[in-house]
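Asker: The structure under discussion is supplied below as structure tokens; questions concerning it will follow.
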Amino acid sequence: NGSLLKLLWPRVAQHWGELAAAAEEEAESTPAESEAVEVQRGAVPLGWALPEPLSGIGLRSPEPEAVEGEIAFEWAGEMARAVGTVVHRLLQHAVEAGRSDLSAMSLAPGFSARMEQLLRRHGVTDQDMGTAQRRVAQALARVAADERGRWVLSGEHAESACELPLTALIDGQLRHLIIDRTFVDEAGARWIIDYKTGTHSGGGLEHFLDEEENRYREQLQRYVTAFQVLEDRPVRAALYFPLIEGGWRELTIEP
């Protein structure tokens, strides 16, 4: 009573009874002392132990932190992590919904409420909500005003994907990768674009981008290597900073 089976019972009752009767008959006709039957029922001999693992496979299990491409943030604090997560998710939504016009998306009815809901889901408090909303809105506005940003989000690219998970064996290490944005452009080149939601104020933007390029070069190299295993086409990689005006840096990655 009270279960889905009660609704199904008029149809299955007869078959249920037949199965139960067959099971009882089998149990009565099977020697209870048979070792084979005991093993079949799940018993194991005394002294049994797991065999040694196979050797020579050549793979090392990745450490938990080996998942690369999960959203990383340069700001400190829970609010900063929440803002970065929400910016990533909204950029992903824009691509998947075919809405590269972020200005129109931001003005859509209910957008502000949706943004607040996402921020609250990631732990932003009432005290920080205003600041968090302004940072998210600033990131979307910069991408909307940036020709390159609109190109990144364009739905006209071939083989378009966001937050793409890949697993690859690189230098004998099993790597789990998450690609923020990837597509194939009109020239046939595969683009790998990694969003970085850090901020920079004042002068020295080129120096800052140089440092970020050096910091993430090895990570981008692994992304490129993974795609070079999958397909035979040119691969280009770049860092994109939605919160920084002019925050774009293409990396030269050796094949």
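The values are calculated or read from the model by the stated rules, or taken from the named source; none is laboratory data. Bear in mind the structure is a predicted one, so any value in this text is a computation, not a measurement. Because the Cβ atoms are built from the backbone with ideal geometry, glycine has one as well, and the counts that use them run over all protein chains shown. Side chains included, ligands, DNA and RNA excluded: accessible areas come from the protein's heavy atoms. Shrake-Rupley method; radii C 1.70, N 1.55, O 1.52, S 1.80 Å.
Asker: Taking 7 Å along the Cα-to-C-beta vector as the label spot, tell me the Leu19-Arg148 distance in nanometres, rounded to one decimal.
Answerer: Going from the Leu19 label point to the Arg148 one covers 6.2 nm.
Asker: Compute the orientation-averaged projected area for the stretch 77-161 from the convex hull of its Cα atoms and round it to one decimal in nm².
Answerer: 5.5
Asker: Here is a follow-up. Please list, in order along the stretch 186-202, the HN-Hα scalar couplings obtained from phi with the Karplus expression 6.51 cos²θ - 1.76 cosθ + 1.60 (θ = phi - 60°), rounded to whole Hz, x for Gly and Pro.
Answerer: 5, 8, x, 8, 7, 9, 10, 10, 10, 6, 10, 9, x, 10, 8, 10, x
Asker: FRET efficiency for Leu205 and Ala137, Cβ-Cβ distance as r, R0 = 30 Å, nearest 0.05?
Answerer: On the way: r = 22 Å, r/R0 = 0.73.
About 0.85, to the nearest 0.05.
Asker: Another question about this same structure. Which of rounded, prolate, oblate describes the stretch 144-255, given a ≥ b ≥ c as roots of the alpha-carbon gyration tensor eigenvalues and a/c under 1.5 marking rounded, otherwise prolate only if a/b is larger than b/c? Don't skip to the answer; put the middle values down first.
Answerer: Working: a/c = 2.02, a/b = 1.31, b/c = 1.54.
Taking the square roots of the gyration eigenvalues as a ≥ b ≥ c, the stretch 144-255 is oblate.
Asker: Right, next: In what sequence, highest mean first, do 185-195, 136-146, 81-91, 121-131 appear when ranked by Cβ atoms within 10 angstrom? Don't skip to the end; give the middle numbers.
Answerer: Numbers: 185-195: 16.9, 136-146: 19.4, 81-91: 22.7, 121-131: 13.3.
The peptides rank, most packed first, as 81-91, 136-146, 185-195, 121-131.
Asker: Compute the FRET efficiency between Glu254 and Ala108 as 1/(1 + (r/R0)^6), taking r as their Cβ-Cβ distance and R0 = 51 Å, and round to the nearest 0.05.
Answerer: 0.70
Asker: So if we plug the beta-carbon distance of Asn1 and Glu26 into 1/(1 + (r/R0)^6) with R0 = 22 Å, what FRET efficiency do we get, rounded to 0.05? Provide the component values of the computation, followed by the final result.
Answerer: On the way: r = 29 Å, r/R0 = 1.34.
Working from the Cβ atoms, E equals 0.15.
Asker: What is the local net charge at His207, summed over the other residues whose Cβ is closer than 14 Å to its Cβ (Lys, Arg +1; Asp, Glu -1)? Don't skip to the answer; put the middle values down first.
Answerer: Values: positive: Arg215, Arg249; negative: Glu206, Asp210, Glu211, Glu212, Glu213.
Residues near His207 contribute -3 overall.
Asker: Assuming a viscosity of 1.306 mPa s and a temperature of 10 °C, what translational diffusion coefficient in µm² per second does Stokes-Einstein assign to the stretch 181-247, Rh being the Kirkwood radius over Cα pairs? Please list the in-between numbers first.
Answerer: Values: Rh = 13.0 Å.
Answer from the Stokes-Einstein relation: 122 µm²/s.
Asker: Which of the peptides 236-245, 197-206, 107-116 is most tightly packed, and how do the rest follow, going by the mean number of other Cβ atoms within 10 Å of each residue?
Answerer: Working: 236-245: 20.5, 197-206: 13.8, 107-116: 12.2.
Answer by packing, highest mean first, reads 236-245, 197-206, 107-116.
Asker: Using a 7 Å offset from the Cα along the Cα-to-Cβ direction at both Glu96 and Gln221, what is the distance between the two label points in nm, to one decimal?
Answerer: Result for the modelled spin labels: 3.3 nm.
Asker: In what order, largest first, do Trp9, Trp248, Trp48, Trp151 sit by accessible area if the probe radius is 1.4 Å?
Answerer: Ranked from most to least accessible, the order is Trp48, Trp9, Trp151, Trp248.
Asker: Using a cut-off of under 18 Å, list every residue of the stretch 82-112 whose amide N is near the label point 7 Å from the Cα of Met129 along the Cα-to-beta-carbon line.
Answerer: 82-84, 86-87, 110-112
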